[in-house]
1. Which of rounded, prolate or oblate describes the range 190-266 when judged by the alpha-carbon gyration tensor and an a/c cut-off of 1.5?
2. So for Glu164, Glu229, Glu71, what's the accessible-area order with a 1.4 Å probe, most first?
3. Could you tell me which chymotrypsin sites (Phe, Trp or Tyr not before Pro) in the range 208-262 are loop residues by DSSP with no more than 12 other beta carbons within 10 angstrom of their beta carbon?
4. I need the shape label for the range 111-199. Rule: rounded when a/c is under 1.5, else prolate if a/b > b/c, else oblate, with a, b, c from the alpha carbon gyration tensor.
5. Can you compute 3J(HN,Hα) from phi for each residue in the range 244-260, using the Karplus curve 6.51 cos²θ - 1.76 cosθ + 1.60 with θ = phi - 60°, rounded to whole Hz and x for Gly and Pro?
6. Just the accessible area per residue of the chain, please: how many Å² with a 1.4 Å probe?
7. From Cα pairs below 8 angstrom and at least 6 apart in sequence, can you work out the relative contact order of the range 190-266, rounded to a whole percent?
8. Residues in the range 173-206 near a label at Asp215, defined as backbone nitrogen under 19 Å from the 7 Å Cα→Cβ point?
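The values are calculated or read from the model by the stated rules, or taken from the named source; none is laboratory data. Computed from a predicted model, the values in this text were never measured in an experiment. Reconstructed Cβ throughout: ideal geometry from the backbone, glycine too, with neighbour counts over all protein chains shown. The protein model used for the area step is the full one, side chains on, heavy atoms only, and it has no ligands, DNA or RNA in it. Shrake-Rupley method; radii C 1.70, N 1.55, O 1.52, S 1.80 Å.
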Amino acid sequence: MNKIGIIGGGVMGAGVAQSFAQYKFKVILVDISNDILQKTKGEITRNIKLYKLCNSKENLDDIDIILSRIEFTTDYNELKDCSIIVENASENFDIKKEIYRRIDTICNENSIFLANTSCISITKIASLTERPDKVIGAHFMNPVPMKKTIEVIKGYYTSESTIEETKKIAFKIEKRCILVNDLPGFVSNRISHLFMNEAAYVVQDQVGTPEQVDDIFRDCYGHKMGPLETADLIGLDTVVKSLDVLYESYRDPKFRCCPLLRKMVDAKLYGRKTGKGFYKYNIY
Ligand code: NAI
């Protein structure tokens, strides 16, 4: 069975680690501090409980068994035997730059790197390594264990065998891949971030409240979630960073970040992960 390396234990890294561990993979999860890793472990524990409640018909292992498959560490060298790395660090190119240079020297030359980025070009990420053919975008959806589809992005040099390996590993955790080409934001976020950003402008301009905006998207358009509750789920900090990547990449004013979003991030109103964004949440 492949050993999976997961980098970043935030919203996405926790979800990706949980998904692989639930399907019996051995997982090495790396983040920058033990405090963060402790929080990640708590988050994964709560999310497995929730998953079990929502999927009671699935024959899932006990929580302790699932957790025992995940090694939580700050040591990048633990990734050396992983055939697949899924990188989920913060949406910041400078942070990712350091990480890819590091794993490129640590990991076996055959290991493939799946970049779970919201918006950063996969070709640009791949250029940080000596193995651009083995770098691919794997934009998992949030919450990862519940979502059955991955937007997979082919960078300029991504090889067919890397695409096949990615599809195979996704199949093993019962996820379907939709393969698209590489430009910043890909399909999903190039479109969805326009919705979320403009929804924030609508609130800033007092045209409607967050509840009204989301109600219109749910009830009139039949979306499962409105743009502002989606932004809260993603994390407003990540939404702002993603909008900045889109703006810098295309130099198109349509991606200019709404000042209200930036102000909320400055006030640490990140959404679900800090307990308050456009809405309030219970945090543990
Ligand atoms: P987050 O802010 O919740 O977590 C990021 C994690 O990366 C933090 O735990 C941080 O400590 C860690 N990190 C930072 N530098 C690191 C380093 N050098 N080595 C190891 N870990 C490091 O962010 P989130 O939401 O999990 O996003 C992660 C990536 O996934 C981003 O690129 C984001 O754009 C992308 N993404 C986010 C989605 C979402 O709904 N939040 C959906 C799909 C992709």
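1. Numbers: a/c = 1.77, a/b = 1.56, b/c = 1.14.
Note, shape of the range 190-266 comes out prolate.
2. On the way: Glu164 90, Glu229 35, Glu71 60 Å².
The ordering from most to least exposed comes out as Glu164, Glu71, Glu229.
3. Those satisfying the criteria are Tyr221.
4. On the way: a/c = 2.31, a/b = 1.22, b/c = 1.89.
Verdict is oblate for the range 111-199.
5. Couplings: 5, 4, 5, 5, 5, 6, 9, 6, 10, x, 5, 9, 5, 6, 4, x, 4 Hz.
6. Numbers: 14300 Å² over 284 residues.
About 50 Å² of surface per residue is accessible.
7. Working: 68 pairs, mean separation 26.6, N = 77.
The value is 35 percent.
8. Backbone N within reach: 199-206.
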